[in-house]
Amino acid sequence: MKKYHIGKSKIHGRGVILDRDVKKDEIIFRFTGKKVKNPPGPWHYGPHWLQVGYSEWIISKPGSPGRYLNHSCNPNSGIRGKNTIVAIKPFKKGTEVLIDYAMSETYPIWHMDCNCYSKNCRKVIKPYQDLSIQIKKRYAQYISKYIKDMKLHLSWGEYLNLKS
Ligand SMILES: [Zn+2]
């Protein structure tokens, strides 16, 4: 059963709003659409896509929830596997579902102005590689599978230890 509706966002235009309470790690929806092999851009319009591989993106269909999934620098949701959106903490009916776009984006020149009203707003959001170590640790379970597979979640020191 659908757990959300598309409604007014406090952050940007319309958003994905929960119709009931969710538990930590509960699946909210799957981000589906057309797969493409090139970066979709232009970046500054705000993405309607999700990066799912080193050079692979899913472009959401108009009307699908992925289309309205907004970013927050203090997200309540994250990614499991390639394209499943899950709750990273329990949250209530009526709350907007928000991920951090850096949980999936690694394209080096990608960036977006942010005004998500959270205390820790980064103002300009950039790819995963540019997150602080603290944020990477906080997101560890909720980043895209391909980032884990590429070992981008490891610090350079951890990576070298793994190789030796
Ligand atoms: Zn922000």
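Each reported figure results from applying straightforward, stated rules to the coordinates on display, with no laboratory input. Everything quoted here is computed from the prediction, not taken from an experiment. When we count neighbours, we look across all protein chains shown, and the Cβ atoms used for this are built from the backbone with ideal geometry, even at glycine.
Averaging sequence separations of C-alpha pairs under 8 Å and six or more residues apart, then dividing by the length of the chain, give the relative contact order as a whole percent.
23 percent
Run down the lysines and flag those whose C-alpha is under 23 Å from the C-alpha of Lys92, throwing out any fewer than 8 positions away in its chain.
Lys92 reaches Lys2, Lys3, Lys8, Lys10, Lys23, Lys24, Lys119.
Tell me, Kirkwood radius of the chain from alpha-carbon pair distances, in Å? Walk me through the numbers on the way to the answer.
On the way: mean 1/r = 0.0624 Å⁻¹.
The answer is 16.0 Å.
For the stretch 40-122, what are the per-bin percents of Cα-Cα distances with bins 5 Å wide, up to the bin holding the maximum?
P(r) for the stretch 40-122, in whole percents per bin: 3, 14, 25, 28, 20, 8, 2, 0.
Between Glu26 and Lys163, what is 0.36 nm times their sequence separation minus the Cα-Cα distance? Round to one decimal in nm.
Taking Glu26 through Lys163 to full extension adds about 45.9 nm, to one decimal.
Count charges around Tyr68 for me, please; just the other residues with Cβ under 12 Å from its Cβ, Lys/Arg as +1, Asp/Glu as -1.
Values: positive: Lys8, Arg14, Lys61, Arg67; negative: Glu96.
With Lys, Arg at +1 and Asp, Glu at -1, the net is +3.
Mind checking which lysines have their C-alpha under 24 Å from Lys163, skipping anything on the same chain fewer than 8 residues away?
Lys136, Lys137, Lys145, Lys148, Lys151
Just want the answer: with Cβ charges of +1 for Lys and Arg and -1 for Asp and Glu, which residue in Val52, His5, Asn115 is farthest toward the dipole's positive end in the chain?
Towards the positive end, the residue furthest out is His5.
Skipping prolines and chain starts, which residues have an amide H placed within reach, meaning under 5 Å, of the one on Ser118, given they are 5 or more residues away or on another chain?
Cys73
Report the label-to-label distance for Lys35 and Ile6 in nanometres (one decimal), using points 7 Å from each Cα along the Cα→Cβ vector.
For Lys35 paired with Ile6, the spin-label model returns 2.4 nm.
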